[in-house]
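Chemist: Dropping the structure in here first, questions after.
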Amino acid sequence: MKYTLDKIADLLNLEDFSEVYSEADRIRKENVGDIVHIRAILEFSNYCRRKCKYCGLNCTNKNIKRYRMSSEEIISAAYEAAENGYKTIVLQSGEDAYYTPKILGEIVKNIKKSGIDITLSTGEMDYDSYAYLKECGADRYLLKHETAEESLYDYLHPCGTLEERIQCLKNIKKLGYETGGGFMIGLPNQTSETLAKDIMLLREIGCDMAGIGTFISHPSTALKDCPQGSTEITKRAVALTRIVMPEINLPATTSLGVIDIKEKNDVFSCGANVIMQKVTPSKYKFLYEIYPSKLSETDVKLQRINLENQIKSLNRIPL
Ligand code: 5AD
């Protein structure tokens, strides 16, 4: 079947989506198998120079205590993840100029010695910085486009344009990173056509992975009164992305897990094959509040074992 924008928008609105879910699950199994990749995520700084209207870390939010982890702390947390079986660590932060490419590059080089793969998720940078970090050993880069609707993008992002965001993603792809994009479900004024454009943009960029998450309003942001996005539509978008891009890596995003753990299991049955687990030390973790969520203290070893067991109980293979 040829998936056009109109077709995808229509499918998103189906009364009964069960056949599409089955198709997505079949395509997932056929193309990426039963493995669920467990990625450690380390949130190493909540400073951000941007003013994104949906995000609790935006620099106009004066209600949060800001932190930065030292290079030594970051490296030691990554080693702990590697020692406990993680094959990949995602290093994420707000856009924080304190960590220059030089500083980040040294951190990457050090962590690579443990053998773990590194995904960076530190926002927009110029071409040369992305190139330098790739040379230092970074394997993947995560930068969501958030929404493919230009007017909505402009409204949500006073500090940048959709064109700049897409250019960054194209640069990341060109440099040979495994490239991660993604978008949010339930943003104000978003329509099914918007979501169809979001999915098609992932394909146009050639994303190797995509984080599709439900919008959850943060009380200290401009969008504080906006309703939460629909988890059902989030799952549908994950399923359609799997169908349109059979080999892509699709996380069961944390924003979905926050709402209902059972729903997260559902996502594994409709196309997802990746899960993220926070390894951020507890004293920082609670300060990294992109959106409100219930978090427990970090226990790297125990949480890894628990997650592996949960995945096995779903007849899938943790890696
Ligand atoms: N609700 C859900 N997801 C959010 N993100 C940022 N703010 C929110 C929110 N309020 C997501 C964005 C960003 C990622 C790190 O977190 O998609 O890329």
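The values are calculated or read from the model by the stated rules, or taken from the named source; none is laboratory data. The shown structure was predicted, so the numbers you read here are calculated from the model rather than taken from an experiment. Heads up, the Cβs are rebuilt from the backbone with ideal geometry, glycines too, and the neighbour counts pull from every protein chain shown. Ligands, DNA and RNA are excluded from the accessible area calculation, which covers all protein heavy atoms including side chains. Shrake-Rupley method; radii C 1.70, N 1.55, O 1.52, S 1.80 Å.
Chemist: Report, in deg cm²/dmol and to the nearest 500, the calculated mean residue ellipticity at 222 nm for the chain, where each DSSP H run with n ≥ 4 adds -39500 (n - 2.57) and the sum is divided by the residue count. Could the numbers behind the result be given before it?
Modeler: Working: 13 runs with 138 residues, N = 319.
Only helices count here, giving -13000 deg cm²/dmol.
Chemist: With a 1.4 Å probe and every protein chain left in place, work out the accessible area per residue of segment 46-85 in Å², rounded to a whole number. Please list the in-between numbers first.
Modeler: Numbers: 2000 Å² over 40 residues.
Per-residue value: 50 Å².
Chemist: Roughly how large, in nm² to one decimal, is the mean projection of the convex hull of the alpha-carbon atoms in segment 5-318? Present the calculation step by step, with values, prior to reporting the outcome.
Modeler: Values: hull surface 57.7 nm².
Spelled out: convex hull of the Cα atoms, projected over all directions, averaged, 14.4 nm².
Chemist: How many Å² of accessible area per residue for segment 169-319, probe 1.4 Å?
Modeler: Values: 6080 Å² over 151 residues.
Counting only protein heavy atoms, the per-residue value for segment 169-319 is 40 Å².
Chemist: Below 11 angstrom from the Cβ of residue 158, what's the summed charge of the other residues (Lys, Arg +1; Asp, Glu -1)?
Modeler: Numbers: positive: 50, 51, 53; negative: 154.
Residues near residue 158 contribute +2 overall.
Chemist: Here is a further query. Mind grabbing the base-10 log of I(q)/I(0) for segment 1-134 at q = 0.21 Å⁻¹? Debye formula, identical points on the C-alpha positions, no solvent, two decimal places.
Modeler: -1.12
Chemist: Another question about this same structure. On a 1.4 Å probe surface of the protein chains, which of 16, 225 comes out largest in accessible area, and what is the full order? Provide the component values of the computation, followed by the final result.
Modeler: On the way: 16 100, 225 135 Å².
Accessible-area ranking of 16, 225, largest first: 225, 16.
Chemist: Still on this structure, I have one more. What does a probe at residue 84 reach in segment 13-45, counting residues whose amide N is under 20 Å from the point 7 Å along Cα→Cβ?
Modeler: 36-45
Chemist: Quantify, in whole percent, the carbon and sulfur part of the accessible surface of segment 5-318 (1.4 Å probe; protein heavy atoms only). Can you show the working numbers first?
Modeler: On the way: 6570 of 13310 Å².
After summing per-atom areas, the C and S share lands at 49 percent.
Chemist: Also, I was wondering about something else. For segment 146-213, just the Cα atoms, rotate onto the principal axes and tell me the three extents in Å, largest first.
Modeler: 35, 23, 17 Å, listed from the longest principal axis down.
Chemist: Could you tell me the distance between the Cα centroids of segment 14-50 and segment 164-219, to the nearest Å?
Modeler: Result: 13 Å between the Cα centres.
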